[in-house]
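To start, the structure itself, in C-alpha cells.
The values are calculated or read from the model by the stated rules, or taken from the named source; none is laboratory data. Here the structure is a predicted model, which is why all the values come from computation and not from measurement. Using ideal geometry, Cβ is built from the backbone for each residue, glycine included, and neighbour counts are taken over all protein chains shown.
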Amino acid sequence: MSDTERVRAHVLVSGHVQGVYYRATTRETASDHGVDGWVENLSDGRVEAVFEGPEAAVESMVDWCHVGSRAADVEDVEVRYEEPRGLDGFEIRR
C-alpha cells in the first residue's frame, strides 16, 4: 500500500475520555494531519472515531488515540480497518 493510497480506521477508545476535550483535540489533530472523518461520544463512556486519509497520517491518528487530550486517561484502543468511503473534512458528532 502506498502512502498516497487512502485508508480508513474505525477506532473505539475506552477510559476517562469524555469531558476532557478528547473530541475537540481529536478534530484539531486530525486537521493538522490532513485526515478526514468524525468523532463522537458513546453512551457507554467510550469515544468512537473514524479516520480517512493517507496511510501514514491515519496511523499517526491511531497512535495519537492511545494518549489523546492532555486530561484523558486512555485505557484501551480498538481499531478496525475498513474500505474508505470518501469522507471530506472532520466533524464532531453530537
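Annotations for the structure displayed:
- Scanning the range 13-33 for residues that are outside any strand (DSSP E or B) and of a type in the set (V, I, T) yields V17, V20, T25, T26, T29.
- Long-range neighbours under 7 Å by Cβ, at least six apart or interchain, first residue at positive phi and surrounded by 18 or more Cβ atoms within 10 Å (Cβ to Cβ) within the range 27-44, second in a strand (DSSP E or B) and modelled with pLDDT of 95 or more: G37/A49; G37/V50; G37/F51; G37/E52; G37/F90
- Contact map, the range 53-75: first residue in contact (Cβ under 8 Å) with a residue 40 or more places away in the chain and more than 14 Å from E28 (Cα to Cα), second residue outside any loop (DSSP other than H, G, I, E, B) and polar (S, T, N, Q), Cβ cut-off under 7 Å, separation 6 or more or different chains; pairs are E75/S14.
- E48 fulfils the conditions (1) in contact with a helix residue (DSSP H, G or I) (Cβ under 7 Å, 6 or more places away or on another chain); (2) surrounded by fewer than 18 Cβ atoms within 10 Å (Cβ to Cβ) except for a single criterion, (1).
- Applying the set (1) in contact with a Pro (Cβ under 9 Å, 6 or more places away or on another chain); (2) under 19 Å from G89 (Cβ atoms) to E48 leaves exactly one unmet item: (1).
- In the range 3-17, the residues that are surrounded by 15 or more Cβ atoms within 10 Å (Cβ to Cβ) and free of Cβ contacts under 8 Å to residues at least 60 places away in the same chain: V17
- Test: residue in the range 81-88 that is touching a helix residue (DSSP H, G or I) at 6+ places or on another chain (Cβ under 7 Å) and surrounded by 13 or more Cβ atoms within 10 Å (Cβ to Cβ): no
- Hits in the range 6-24 (condition: of a type in the set (K, R) and under 14 Å from S60 (Cα atoms)): R6, R8
Yes or no, residue by residue, for (1) touching a Leu at 6+ places or on another chain (Cβ under 9 Å); (2) of a type outside the set (K, R); (3) in a loop (DSSP other than H, G, I, E, B); (4) within 16 Å of V7 (Cβ to Cβ):
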| site | (1), (2), (3), (4) |
| --- | --- |
| A49 | yes, yes, no, yes |
| E52 | yes, yes, no, yes |
| V58 | no, yes, no, yes |
| V62 | no, yes, no, yes |
| G68 | no, yes, yes, no |
| R80 | yes, no, no, yes |
| P84 | no, yes, yes, yes |
| I92 | no, yes, no, no |
